[in-house]
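The values are calculated or read from the model by the stated rules, or taken from the named source; none is laboratory data. Keep in mind the model is a prediction, meaning the values are calculated, not measured. We place every Cβ from the backbone using ideal geometry, glycine too, and count neighbours over all the protein chains shown. When the accessible area is computed, the model is the full protein with side chains, heavy atoms only, and any ligands, DNA or RNA have been set aside. Shrake-Rupley method; radii C 1.70, N 1.55, O 1.52, S 1.80 Å.
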Amino acid sequence: MSIFVIAILTIGLLTLLSLVTLFLGDAGTSRGRWWTPDWDKEFAWVGDGVFVITALTESVADKFVDDMEAAFAGSMSKRVLIKCKPRAEPQTLNDHFGYRGGISNPQIQGVTFGTTSQPEIRYPGSPVIPMGVIVMGYDGDEDKDSRPAWAKDGAFMVTRHLNTLVPEFDAFLLEHGPKVFPHSCPQAAADKLGARLFGRWKDGTPTELSPDKPDASISNNDKKINNFTYDLSAGQRHCPFAAHIRKSNPRSDVSPIKSVYKHFIRRQGMSFGPEVTKSERDTKTTIFARGQHFVCYASSIVRGFKHHQRAWLNDQMFPPQKDIMPGFDPVVGQASGEEKDRGVVRFMTGTDPSVEDRVMIFPQKFVDARGGAYFFAPSISTLRHRVAK
């Protein structure tokens, strides 16, 4: 079964402002007080809304888009159409880098589990957060008492169009992996370095549970693959502080974990673009655009996505209170425009488990933001009683 996601109906109230993308670390150009992100031309516009359409086949999705265009002819225009779909077997669960994702999203009692169709959490180990962290008007939404009636049951939606530079990433691992793990063959060393950058082996096995190799008894068991906390006494021997999954979900690195519930987001990455070609692998250079179209939801963009990117992924000191500076998330962490002006480069520690304070520099990014926007996703009742009128 395939799911094609092309772009829940949302009404755009906020656009991803240039100044915000500067602070997020997107590439761009400064012109006096103005700063313009270096985005693809398809995203260099102020959009009023986005439709996310899910279908079992591409033809069904295409037919739905055609019907929508006919129904709304003269009242709206289509600016960009993004087609996403899972990769072919055996990579269906993996992103273009080859790593399994979608495992550690925060859970909500009575919504994502505790229901007739999903009685238990599929991947135990994820934080169980109040509904209001994601949906407006409920406990956990710090602004619930000031929300207008039409906002209840709505959420903010953030989209980011992220190109993944797979040939460059793989070449980096093959160049630097053997330097960190000289007793392993080159590809094994590259795989081990990649696992330490992500915090998981490609099959999803967390390095915290199995630092030296992937373990099918863990990756094939939904009850084990996400069910762990970080052994703080182990330092970075099992998992680097700045590894992607550790930055994204600090688990036992923050105590009490409830203190950061308000910063969690429900997120999903949808793959787009072709598989890496032989010419790209031979030249170690991306020729064809591919990557993840990222979508996340939260009751606050500032407390949610913006904090998640700037104060977790981009913050060199997060996770907090470590004897060794963690560095940037090596996958999606970015230096801000101000940091770039000061000559700050992306780095992390912990890639070498035997020398935890050794610094690894990343001279180029492996994920490149090419577009994005902020939207408000209203409830069905708001659409029916306010918008439809």
- Of Asp253, Asp67, Asp48, Asp62, ordered by accessible area with the largest first and a 1.4 Å probe, the sequence is Asp48, Asp67, Asp62, Asp253
- Message: Could you work out how much longer the chain between Lys258 and Asp231 gets when fully extended? Use 0.36 nm per residue separation minus the Cα distance between them, nm to one decimal.
- Response: 7.9 nm
- Task: Output the peptides 300-310, 92-102 sorted from most to least packed, where packing is the average of other Cβ atoms within 10 Å over each peptide's residues.
- Result: 300-310, 92-102
- Task: Obtain the radius of gyration and the Kirkwood radius of the chain from its C-alpha atoms and give Rg over Rh.
- Result: 0.95
- Message: Of all beta bridges DSSP finds with both residues in the chain, what is the antiparallel percent, to the nearest 5?
- Response: 95
- Residues with amide H under 5 Å of Ala55's amide H, sequence separation 5 or more or different chain, H placed in the peptide plane at 1.01 Å from N; which? Phe4
- Treat every Asp and Glu Cβ in the range 303-389 as -1 and every Lys and Arg Cβ as +1, leave all other atoms uncharged, and give the resulting dipole magnitude about the Cα centre to the nearest 20 debye. 860
- Could you give the accessible area per residue of the range 24-111, probe 1.4 Å, as a whole number in Å²? 63
- Label-point separation (nm) for Ala171 and Ala27, each offset 7 Å from Cα along Cα-to-Cβ? 1.4
- How many percent of the accessible area of the chain is carbon or sulfur, using a 1.4 Å probe? 55
- Query: Using a basic spin-label model with each label point 7 Å from the Cα along Cα→Cβ, how many nm lie between Thr36 and Arg342?
  - Reply: 2.8
- Ranked from highest to lowest mean number of other Cβ atoms within 10 Å per residue, what is the order of the peptides 357-364, 128-135? 128-135, 357-364
- Task: Quickly rank 187-193, 112-118, 204-210 as a protection proxy: mean count of other C-beta atoms within 10 Å, highest first.
- Result: 204-210, 187-193, 112-118
